Amino acid sequence: MNAINVAINGYGTIGKRVADAVDAQEDMEVVGVTKTAPSFGCNLAIRKGFPLYCTSDDPKRISAFEKAGIECQGGLSDLLSIADVVVDCSPGKVGAENLDKYKDAGVKHIFQGGEEHSLTGLSYTSCANHYENLGADGTRVVSCNTTGLSRTLIPLFEACGSLKVECTMIRRAADPGDSKKGPINAIKPVLKIPSHHGSDVMTVKSGIEINSLAVAVPTTIMHVHAIVADLPDNHGLTTESIVELWRETPRVIVMLGEGNRLTTTAEVMEMARDMGRKWGDLHEIFVWEDGVKLVGNRLYYFQAIHQESDVIPENVDCIRALMGTEHDWRSSVANTDAAISRYYSL
Ligand SMILES: NC(=O)c1ccc[n+]([C@@H]2O[C@H](COP(=O)([O-])OP(=O)(O)OC[C@H]3O[C@@H](n4cnc5c(N)ncnc54)[C@H](OP(=O)(O)O)[C@@H]3O)[C@@H](O)[C@H]2O)c1
């Protein structure tokens, strides 16, 4: 079988990680990545051997790369002409401007969580709706927060048949490489109630009833979710069986906080760095086992999300869904994760 030719439009925080994850897979090839203009990130692409293109077809912008001594293969149209699928990793809300270019080029397209669900009318999380995305022309991998909520809530929903959820998203203020956002010395509530995070879960699993509140706090390394879920009567689950359910769920890590001295996001991310993935990434959602408690039918738990990386393997599975090359989400997830592990152990 021929490899799937994957273009990555936008080689920033998410794009550079998606490029590596695609490069790790045997059934895919990175045919090119894009930048708007010369910058330090271009050297990473060139070192990796990824052909570099400009996000624009404007000859002046393309020649700016050559002037800076950076080899540029052409504009976005040139890249799309050799791609089967493009993963749009442009900044939030910017991706929407690229949709017509992908349609005109006849290339399948995957957007990120910074775009609206309405852009494609379809969203994706492997454990929620891989099957619904099979063969689609375009979709959106949901945000880091929605991916995190989906990973732990969907197995619960499938075990219970229904679920009512209230959650508070304690959000990192900015990514570590971002000097423009804040707050740096404040806690900033999102005053739009409910926040968009909860309802976004319903774009991949409509049966879950969920509302969310959000606050931004001065940290850069992770989000934390404080979740309260009401399970239906007579579901037969216990705190222990829920922990067990998550242990068997791909891309969820459940560990004791106190016993392992992993009581804050700082230690969780230090453990992630020990795992040896590039950039110290943690693709899995981290659940504190000692913070899980079922009281009657009401479940309480905390989880931590590495915002820069939990969506990365999802983009790989999503490529297989759109290309229709893997119908079983569990099999895709297992292949994606094994290939990434091999890639970083070389
Ligand atoms: N960062 C996170 O924590 C996170 C988590 C989950 C989802 N997301 C979503 O992922 C998407 C990308 O976010 P990000 O954090 O990776 O952003 P980012 O770090 O700012 O990177 C954006 C990339 O897109 C490029 N770009 C700018 N304008 C473009 C255009 N018109 N067409 C194509 N590419 C363009 C930029 O080029 P230059 O490098 O030349 O400026 C940059 O490489 C957003 O939808 C965001 O909401 C982000």
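The values are calculated or read from the model by the stated rules, or taken from the named source; none is laboratory data. All figures in this text were calculated on a predicted structure; none of them were measured in a lab. In this analysis, Cβ positions are derived from the backbone assuming ideal geometry, glycine residues included, and neighbour counts consider all displayed protein chains. Keep in mind that these areas ignore ligands, DNA and RNA; they rest on the heavy atoms of the full protein, side chains included. Shrake-Rupley method; radii C 1.70, N 1.55, O 1.52, S 1.80 Å.
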Tally the residues that are more than 20 Å from GLY257 (Cα to Cα), in a strand (DSSP E or B) and either polar (S, T, N, Q) or within 16 Å of the ligand (Cβ to nearest atom) (or both), restricting the search to the range 270-316.
0
What's the number of the condition LEU122 fails, among (1) open to solvent by less than 10 Å² (accessible area, probe 1.4 Å); (2) under 18 Å from the mean Cα position of the chain (by Cα); (3) more than 12 Å from the ligand (Cβ to nearest atom)?
(1)
Looking at (1) loosely packed, with under 15 Cβ neighbours inside 10 Å; (2) under 21 Å from the mean Cα position of the chain (by Cα); (3) not hydrophobic (A, V, I, L, M, F, W, C), find the lone condition where GLU115 falls short.
(1)
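Can you list the helices (runs of 4 or more DSSP H) found entirely within the range 1-80 that contain at least 3 residues being within 23 Å of ARG277 (Cβ to Cβ) and in the same structural domain as HIS109 (by TED's automatic domain parsing)? Give the derivation first.
Numbers: elements: 13-23, 40-48, 59-67, 76-80.
Hits in the range 1-80: 13-23, 40-48.
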I need the full set of residues from the range 54-88 which are under 26 Å from the mean Cα position of the chain (by Cα) and in contact (Cβ under 8 Å) with a residue 40 or more places away in the chain, in order please.
THR55, LEU76, LEU79, LEU80, ILE82, ALA83, ASP84, VAL85, VAL86, VAL87, ASP88
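Of LYS108, LYS101, which residue is away from the ligand (no atom under 15 Å from the Cβ), among the basic types (Lys, Arg) and surrounded by 14 or more Cβ atoms within 10 Å (Cβ to Cβ)? Steps first, answer last, please.
On the way: LYS101 fails: away from the ligand (no atom under 15 Å from the Cβ).
Within the list LYS108, LYS101, the selection yields LYS108.
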Does any residue in the range 317-346 that is farther than 19 Å from ASN129 by Cβ and at pLDDT 95 or above come within less than 6 Å, Cβ to Cβ, of a residue that is assigned to a helix (DSSP H, G or I) and open to solvent by less than 60 Å² (accessible area, probe 1.4 Å) six or more places away or on a different chain, and which pairs are these?
ILE340/ALA21
Working only within the range 47-77, note down all residues that are surrounded by fewer than 18 Cβ atoms within 10 Å (Cβ to Cβ), closer than 30 Å to SER332 by Cα and within 14 Å of the ligand (Cβ to nearest atom).
SER77
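For every residue, the table says whether it meets (1) out of contact with any Phe, Trp or Tyr (no Cβ under 9 Å at 6 or more places or on another chain); (2) farther than 26 Å from LEU282 by Cα; (3) in contact (Cβ under 8 Å) with a residue 24 or more places away in the chain.
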| site | (1), (2), (3) |
| --- | --- |
| SER195 | yes, no, yes |
| PRO218 | yes, no, yes |
| ILE221 | yes, no, yes |
| ILE227 | no, no, yes |
| ASP230 | yes, yes, yes |
| ASP233 | yes, yes, yes |
| GLY236 | yes, yes, no |
Any residue at all in the range 149-165 that is crowded, with 21+ Cβ neighbours inside 10 Å and within 12 Å of the ligand (Cβ to nearest atom)?
no
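The rows are residues; the columns are (1) within 15 Å of the ligand (Cβ to nearest atom); (2) more than 21 Å from ALA105 (Cα to Cα).
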site: MET1; (1), (2): no, yes
site: ASN5; (1), (2): no, no
site: ASP20; (1), (2): yes, yes
site: ALA37; (1), (2): yes, yes
site: GLY41; (1), (2): yes, yes
